[in-house]
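*Asks:* Shown below is the structure under consideration.
The values are calculated or read from the model by the stated rules, or taken from the named source; none is laboratory data. Everything numeric in this text was worked out from a predicted model, so none of it was measured. We place every Cβ from the backbone using ideal geometry, glycine too, and count neighbours over all the protein chains shown.
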Amino acid sequence: MQIIKTVQEMQAFSLEQRAGGRTIALVPTMGYLHDGHISLLREGRKHADVLVMSLFVNPMQFGPQEDLAKYPRDFARDSRLAEDAGTDVIFYPDAEQMYPGPFKTSVQVSELSAVLCGKTRPGHFRGVATVVAKLFNIVVPHRAIFGEKDFQQLMILRQMVRDLNIPVEIIGMPIVREQDGLAMSSRNMYLSPDERRRSLSLSAGLFRALDSFRKGEVKSKELIKIVHDGILPAGLREDYIDVIDEASLKPLDEAADNARIVAAVYAGSVRLIDNMALKKN
Ligand code: AMP
């Protein structure tokens, strides 16, 4: 496995691979890998000759009050895990490589970026779309793999490649969960043991809402209430709980085809997100 730290080398490497007729898959990450990331890498491995994982904690997607400085990092462990999952190259730039000098351009996917997490995290999705557009130009992949854990992000990036005619196929992968149901996240390490226990009420509530949907409940208000009534006694604070249309991310009064229940809550100061497709089976 190679570790490439400069934009110039990464681009040269990728263009050479493409000239040799090899396909490239990219898995963008911020590191501190868990099994969710590994599932993306394994999927990427199936889809291309060359598997590139980028590891970059992108300052542009963090708000001024957010956890950029203390975001967990462990490059030695990440490179071992990435290599075991079949990664050929880790693209590991620093902020100076990605944002040298004055930076004046950004990618803004309107409407989709303004709702749900975009309300509490203004500027976040602009940072995400911009860095992913940059990574696409640097790594020049044929395909890129993202997790449904960040469902809004996935839909924003799909819209971005459509709107800007970026020739990258976006592949979405299901959420990988801990045995007890909590969606895996690098940020789970911030949870105290007590918060970790209480956090479980989020996925448990979503599973109950899904179960209720499968038994015939379609009213969003009722489905949302099920999640709400689960997190409240556990002392989690709601940012949002919504039933949305997957394509538009707009709230639905009733769960129809392509509905998804999405939620963001706080356990202490830790923000947790999770979601589930409302499908009959
Ligand atoms: P991050 O390192 O948190 O920026 O995440 C990198 C990629 O991994 C994104 O596409 C995430 O959606 C995906 N991801 C994070 N957690 C999970 C999970 N529990 N299951 C599946 N994919 C995930």
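*Asks:* So which residues in region 71-90 are out of contact with any Phe, Trp or Tyr (no Cβ under 9 Å at 6 or more places or on another chain) and not small (Gly, Ala, Ser), if there are any at all?
*Replies:* In the first step, residues of region 71-90 are kept if they are out of contact with any Phe, Trp or Tyr (no Cβ under 9 Å at 6 or more places or on another chain); the result is 76, 80-88.
Within region 71-90, ARG80, LEU81, GLU83, ASP84, THR87, ASP88 meet the criteria.
*Asks:* Okay, moving on. Step by step: first the residues of region 139-167, then only those that are away from the ligand (no atom under 13 Å from the Cβ) and buried (at least 22 other Cβ atoms within 10 Å of the Cβ), then the one that is farthest from ASP35 (Cα to Cα). Which residue is that?
*Replies:* Filtering first and then ranking leaves MET160.
*Asks:* Next question. Do we find a residue being buried (at least 16 other Cβ atoms within 10 Å of the Cβ) and either free of Cβ contacts under 8 Å to residues at least 24 places away in the same chain or among the charged types (D, E, K, R) (or both) anywhere in region 101-117?
*Replies:* Within region 101-117, not a single residue is buried (at least 16 other Cβ atoms within 10 Å of the Cβ) and either free of Cβ contacts under 8 Å to residues at least 24 places away in the same chain or among the charged types (D, E, K, R) (or both).
*Asks:* Next question. Would you check if there is a residue in region 116-126 being at negative phi, within 16 Å of the ligand (Cβ to nearest atom) and among the aliphatic types (A, V, I, L, M)?
*Replies:* no
*Asks:* Could you count how many residues in region 104-140 are part of a helix (DSSP H, G or I) and out of contact with any Gly (no Cβ under 8 Å at 6 or more places or on another chain)? Show your work before the answer.
*Replies:* We begin by selecting, within region 104-140, every residue part of a helix (DSSP H, G or I); these are 117-120, 124-139.
Going one step further and asking which of them are out of contact with any Gly (no Cβ under 8 Å at 6 or more places or on another chain), we end up with 117-120, 126-139.
Matching residues across region 104-140 total 18.
*Asks:* Could you please give the count of residues in region 40-67 that are surrounded by 16 or more Cβ atoms within 10 Å (Cβ to Cβ) and part of a loop (DSSP other than H, G, I, E, B)?
*Replies:* Number satisfying all stated conditions: 5.
*Asks:* Identify the single condition in (1) of a type in the set (Gly, Ala, Ser); (2) within 23 Å of ASP274 (Cβ to Cβ); (3) not in a helix (DSSP H, G or I) that GLY101 does not satisfy, given that it satisfies every other one.
*Replies:* (2) is the only condition that GLY101 fails.
*Asks:* Going by the conditions given, is GLY181 assigned to a loop (DSSP other than H, G, I, E, B), within 13 Å of the ligand (Cβ to nearest atom) and of a type outside the set (Val, Ile, Thr)?
*Replies:* Details: assigned to a loop (DSSP other than H, G, I, E, B): yes; within 13 Å of the ligand (Cβ to nearest atom): yes; of a type outside the set (Val, Ile, Thr): yes.
Answer is yes for this residue.
*Asks:* Given (1) over 19 Å from VAL176 (Cβ atoms); (2) surrounded by 15 or more Cβ atoms within 10 Å (Cβ to Cβ); (3) within 16 Å of the ligand (Cβ to nearest atom), identify the lone condition not met by LYS70.
*Replies:* Against the list (1) over 19 Å from VAL176 (Cβ atoms); (2) surrounded by 15 or more Cβ atoms within 10 Å (Cβ to Cβ); (3) within 16 Å of the ligand (Cβ to nearest atom), LYS70 comes up short only on (2).
*Asks:* Please verify whether ILE226 is out of contact with any Lys or Arg (no Cβ under 6 Å at 6 or more places or on another chain), outside the structural domain of ALA48 (by TED's automatic domain parsing) and surrounded by 17 or more Cβ atoms within 10 Å (Cβ to Cβ), treating the condition exactly as stated.
*Replies:* Details: out of contact with any Lys or Arg (no Cβ under 6 Å at 6 or more places or on another chain): no; outside the structural domain of ALA48 (by TED's automatic domain parsing): yes; surrounded by 17 or more Cβ atoms within 10 Å (Cβ to Cβ): yes.
So ILE226 does not fit the description; no.
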